[in-house]
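Peer 1: Quick one: the structure is below, questions incoming.
The values are calculated or read from the model by the stated rules, or taken from the named source; none is laboratory data. Please read these numbers as outputs of a predicted model, since none were measured by experiment. Here the Cβ positions follow ideal geometry from the backbone for every residue, glycine too, while neighbour counts run over all protein chains shown.
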């Protein structure tokens, strides 16, 4: 029996991309997994539709899960959104373009943390965990989408604040930072980057992606969603019992701190 068997796991944003890979990894570890996602439908088992920018909705879903299972052991927030516009230079955007990005990609994670806190701290809380998702964009000031970069930078700092607050309860809080992953969000970055380029000079997604990954990542290869699932499971396990307040890059070497 592994130490995650029958553990109660909630994955926000767990129906697609990295979030789905994380949910699948916990299932493979024989944990009980509930997915909360904006795209969830009534016919999907152990799932619920939720907009994480709506705190009352998040609280309702979290209470439903915790009451159904008698508590929550691990919380993962993988939901995020970009502005959908090319933000270089930043004044290509309007200040109004920032609001919904911050509400989902930063405040959404704060909403999740607040809603889950009472259940995480209840009873024998030692060994419970919270995992947020930031991005290399939040560490290097990516000019592609400044609102998204700023939101993800806020996640790095909030991870540290939450880790300190939860530590007396034996609860650990960390963040995973993806580099370049082929997801719908990444493809939207490509689409916005081509918008102001004459049609005859535009690159296909495959051309753009191949050039970009070899330019920015020392290892020169894409990161795979399954890598984040494996790391998420490790961080929730007792093997990682002394890891908290950390932002862990899975980025092919794109961000290196001296």
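Peer 1: Out of the residues in segment 39-50 meeting the condition of being buried (at least 18 other Cβ atoms within 10 Å of the Cβ) and touching a helix residue (DSSP H, G or I) at 6+ places or on another chain (Cβ under 9 Å), tell me which one is farthest from residue 6 (Cα to Cα). Talk me through it step by step, then tell me what you get.
Peer 2: Here is the first cut: in segment 39-50, the ones buried (at least 18 other Cβ atoms within 10 Å of the Cβ) are 47-48, 50.
So of that shortlist, the ones also touching a helix residue (DSSP H, G or I) at 6+ places or on another chain (Cβ under 9 Å) come out as 48, 50.
Values: 48: 20, 50: 24 Å.
Ranking the qualifying residues of segment 39-50, first place goes to 50.
Peer 1: Go through (1) free of Cβ contacts under 8 Å to residues at least 60 places away in the same chain; (2) part of a loop (DSSP other than H, G, I, E, B) one by one and return the number of the condition residue 255 breaks.
Peer 2: Here residue 255 clears every test but (1).
Peer 1: Go through (1) at pLDDT 95 or above; (2) surrounded by fewer than 19 Cβ atoms within 10 Å (Cβ to Cβ) one by one and return the number of the condition residue 93 breaks.
Peer 2: (1)
Peer 1: Still on this structure: Which residue, of 163, 151, is part of a helix (DSSP H, G or I), touching a residue at least 60 places away in the same chain (Cβ under 8 Å), out of contact with any helix residue (DSSP H, G or I) (no Cβ under 9 Å at 6 or more places or on another chain) and surrounded by 15 or more Cβ atoms within 10 Å (Cβ to Cβ)? Full working, then the answer.
Peer 2: Details: 151 fails: out of contact with any helix residue (DSSP H, G or I) (no Cβ under 9 Å at 6 or more places or on another chain).
Result: 163 is the single residue among 163, 151 that is part of a helix (DSSP H, G or I), touching a residue at least 60 places away in the same chain (Cβ under 8 Å), out of contact with any helix residue (DSSP H, G or I) (no Cβ under 9 Å at 6 or more places or on another chain) and surrounded by 15 or more Cβ atoms within 10 Å (Cβ to Cβ).
Results for (1) part of a helix (DSSP H, G or I); (2) surrounded by fewer than 18 Cβ atoms within 10 Å (Cβ to Cβ); (3) under 23 Å from the mean Cα position of the chain (by Cα), shown as yes or no for each residue.
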| position | (1), (2), (3) |
| --- | --- |
| 192 | yes, no, yes |
| 196 | no, yes, no |
| 203 | no, yes, no |
| 210 | yes, yes, no |
| 228 | yes, no, yes |
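Peer 1: For segment 15-31, which residues satisfy the criterion of being surrounded by fewer than 19 Cβ atoms within 10 Å (Cβ to Cβ), under 19 Å from residue 79 (Cβ atoms) and modelled with pLDDT of 95 or more?
Peer 2: Matches in segment 15-31: 24, 27.
Peer 1: Can you pull out every residue in segment 80-103 that is within 30 Å of residue 35 (Cα to Cα) and in contact (Cβ under 8 Å) with a residue 24 or more places away in the chain? It would help to see each step written out before you state the result.
Peer 2: Here is the first cut: in segment 80-103, the residues within 30 Å of residue 35 (Cα to Cα) are 80-85, 97-103.
Once the filter is applied, which keeps residues that are within 30 Å of residue 35 (Cα to Cα) and in contact (Cβ under 8 Å) with a residue 24 or more places away in the chain, segment 80-103 yields 80, 81, 82, 83, 84, 85, 97, 98, 100, 101, 102, 103.
Peer 1: Check residue 139 against each of (1) under 19 Å from residue 174 (Cα atoms); (2) modelled with pLDDT of 95 or more; (3) under 16 Å from the mean Cα position of the chain (by Cα); (4) surrounded by fewer than 23 Cβ atoms within 10 Å (Cβ to Cβ) and name the one condition it does not meet.
Peer 2: (2)
Peer 1: To continue, here is another question. Which pairs do you get when a residue that is at negative phi, found in segment 67-79, comes within reach of a residue that is part of a loop (DSSP other than H, G, I, E, B) and surrounded by fewer than 24 Cβ atoms within 10 Å (Cβ to Cβ), reach meaning Cβ atoms under 6 angstrom, with the pair 6+ apart or on two chains?
Peer 2: 73/7
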